[in-house]
Structures are given as C-alpha cells and as structure tokens.
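Just so it is clear, none of the values below were taken in a lab; they were calculated from the coordinates. All figures in this text were calculated on a predicted structure; none of them were measured in a lab. Virtual Cβ from ideal backbone geometry, glycine too; neighbours counted across all protein chains shown.
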Amino acid sequence: MDSSRIAVTGASGLIGSALVRSLTDDGHRVVRLVRREPQGPDEVRWDPERGHVDAAGLAGVDAVVNLAGAGIGDRRWTPAYKRAIRDSRVLGTAALAEAAASLPEPPRVFVNGSAIGFYGETGDRITDEDAPPGEGFLPSVCEEWEEATAPVREAGVRTAFVRTGLVVASGGGAWAKMFPLFRAGLGGRLGNGRQYWSYIALDDEVAAIRHLLDRDDLSGPFNLTAPHPLTNQEITEAMGRVLHRPTPFPVPAAVLKTVLGEMAGDVLGSQRVVPRRLLESGFRFAFPGIEDTIRAAERSGE
C-alpha cells in the first residue's frame, strides 16, 4: 500500500500501539481517535459509548482500523463491566461505521476488531471461519460487534473482521500477566491443561492486519491465530523450556472460578481455531511455533 492516511481506534492499546508504530515507520500517516480534546491534526475526537465521532476529521482517510474496546481480562465480569465490554465495541463500531459511510469519499477499507470468542467453546474440533457463532456472552458480543459495521458494508466499503486469538506479548494483554509468574518459577497449567489455546505473536498480528489493509480482494472474517493451536499443558511446558523455569504449580479449576468468576469459563474453555482464510490468501507467519513466539515476546520486553 502506498503512503496512506489511516484512522485507528484503540491506538494506545497493545495491538493498536504496535500497529501505529509499524505504519508510521513505513511512512503512513496515522489519525488516532481519542476520547479527550484533540491535541493536533493527527487526532480526532470520538465518544464511542455515546455514539459520537467527529466525521469531518476523518475526511480523506484511505482506511479505518477499529480496535477499541474495554479489556476482556481487565476486571471481574460484573453486570456493569459486561455492559462496558459490549457497549465499548458495539456502540463505538456503529458510530464509526456510520461516520465513515457518511463521508463524501468513504475509506476504501474498514478493518474491524473481533475475536475468536465468536466461536465459543469448540473442544478439540478444528474450527475455521466457516464455523457459526457459539453460545454465551462473548460469542454474542463478537456477533454484534461485527454486525455493527453494516453502514460501511452497505456503502460498498471493503470490510474485514480480525478474529484475534491470544496475543503473545510481554508488554500487555493476558500473556503479560503470565510472564512474571513463569519467570518466578510459579507458572503451571490451568485446570486440567487439555483445553486448546489459539495464540498469535504480536508481530504476526500486526503483519496480518497490514496484509488485510493492502489486499483489495480480501473481506469478511479472518482468524488471526497461529496455524497450530496447542493445549494449555503444551504451552505451559513451552514457557518453562524457553524461560528455563520449572512449571510445577497447576491452578485448579475451582480456584480459577473463585478468582475470576464467569470469566474462568473462557480461561478453562477450549478453542482450536485455525487461520484457514489467512493462509489461503498467501499470508506467511514469521512465528508459527510457540517457542519462537515466546522468545519474540521476551526479546521485545527486554
């Protein structure tokens, strides 16, 4: 993609900040959507929960990448926080999609955040983008999140959904909480360890989003996960090998349920999700294996 003007929500988050850095390093102009008063021409005001976007500030953007949303694992899932998880995604996406669709010249592509939570519990069944949504809180949120892009899709804007797995990074997300425990020799499997985890290196996440921005023939859902999901037990053993630490302390399911509440169901649940459409499009993973993925995250945190 030639030098472009790209609007990004969630630009201060784990994925968003890495994406912005990658785009600006390559000479693209990034417009960040912010909730406060803009402090320069590279910022645009929006209020996702209230459905407000300064559409005039989006004029002339070539692409929109929507990654905003309250953190899934940041807090216990109280009714109020579950509402925040949903509203920050669904209401914000609807407002952004309406603003983009209303422009005299809409962007040529809209890449919208989503998650493999779309599929719910999959057990040991290999799951690709053709699978239907699952049942429960996260599948319903992901389905609404994707449906909220209707205004740009109806305006003819190419739209892609990035159904992201567990991002392996030492600087944020769920994995950042795991690294200190494993470095201290306190890491261990969660529950029985047989549940599948579908992970992706942060660098591959960013590269995949850019792949979708660049390719005019790609739209619809894409699973952003490494090609070979592993069980929690296998990932635990890999963490121990890479960090040269023992992993002796399994965390019983009952303890997780006490500490995490409803969210424990997703930690203990199994999702064996594969990136079929991404691979078919010609994307090549820099870190397809778990040990290289963990090492890359370790190096980035040094």
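Measuring from label point to label point, each 7 Å out along Cα→Cβ, what is the HIS244 to LEU279 span in nm?
Between HIS244 and LEU279, the label points sit 3.4 nm apart.
Under 5 Å between amide H atoms, partner at least 5 residues away or on a different chain: which partners does VAL31 have, H built in plane at 1.01 Å?
Answer set, sorted by chain and number: ILE6, ALA7, VAL8.
Let me understand the chain better: what is its radius of gyration from the alpha carbons, and its Dmax, in angstrom?
Taking only Cα atoms of the chain, I get Rg and Dmax of 18.9, 60 Å.
I'd like the distance separating the alpha-carbon centroids of region 193-250 and region 31-93, in whole Å.
Centre-to-centre (Cα) distance: 26 Å.
Return a whole-number percent for the relative contact order of the chain, with Cα pairs under 8 Å and 6 or more residues apart as the contact set.
Result for the chain is 18 percent.
Are there trypsin sites (Lys or Arg not before Pro) in region 68-168 that DSSP puts in a loop and that have at most 15 other Cβ atoms within 10 Å, and which ones?
In loop regions of region 68-168 (DSSP not H, G, I, E or B), the sparsely surrounded trypsin sites (Lys or Arg not before Pro) are ARG75, ARG76, ARG125.
Long-range amide H contacts for ARG45: which residues qualify at under 5 Å (H placed 1.01 Å from N, peptide plane, sequence gap of 5 or more or a different chain)?
VAL34, ASP54
Per q in 0.16, 0.20 1/Å, what log10 I(q)/I(0) does a Debye calculation on the alpha-carbon atoms of region 145-248 return?
-0.77, -1.01
Starting from 0.36 nm per residue, how many nanometres of slack lie between ILE126 and ARG183 once their C-alpha separation is accounted for?
17.4 nm
For the residue pair VAL34 and GLU237, what label-to-label distance in nm results when each label sits 7 Å from Cα along the Cα-to-beta-carbon direction?
The two pseudo-label positions are separated by 4.9 nm.
How much FRET efficiency would the formula 1/(1 + (r/R0)^6) give for GLU49 and SER102, where r is the Cβ-Cβ distance and R0 is 22 Å, rounded to 0.05?
Using R0 = 22 Å, I get an efficiency of 0.65.
Using the Karplus curve 6.51 cos²θ - 1.76 cosθ + 1.60 with θ = phi - 60°, what ³J(HN,Hα) values do you get for each residue of region 63-73, in whole Hz, with x for Gly and Pro?
3J(HN,Hα) across region 63-73, in whole Hz: 8, 10, 10, 9, 10, 6, x, 4, x, 5, x.
Using θ = phi - 60° and the Karplus curve 6.51 cos²θ - 1.76 cosθ + 1.60, what whole-Hz ³J(HN,Hα) does each residue of region 49-60 get, with Gly and Pro shown as x?
5, 8, x, 10, 9, 6, 4, 4, x, 8, 4, x
Mind ranking 45-53, 217-225 by how tightly packed they are, going by the mean number of other C-beta atoms within 10 angstrom, highest first?
Sorting 45-53, 217-225 by mean packing, highest first, produces 217-225, 45-53.
Quote to one decimal, in nm, the extra length available between ALA286 and THR78 on full extension: 0.36 nm per residue of separation minus the C-alpha distance between them.
71.1 nm is the gain from fully extending ALA286 to THR78.
Rounded, prolate or oblate: which one fits region 35-163, using the alpha carbon gyration tensor with axes a ≥ b ≥ c (rounded when a/c is under 1.5, else prolate when a/b beats b/c, else oblate)?
oblate
Amide H neighbours of VAL109 under 5 Å, at least 5 residues apart or on other chains, H built in the peptide plane: list them.
Close amide H contacts, sequence-distant or interchain: VAL64.
Calculate how steeply helix 137-147 sits against the longest principal axis of the alpha-carbon atoms of the chain, using the helix alpha-carbon long axis, and give the answer as 0 to 90 degrees to the nearest 10.
Approximately 20 degrees, to the nearest 10.
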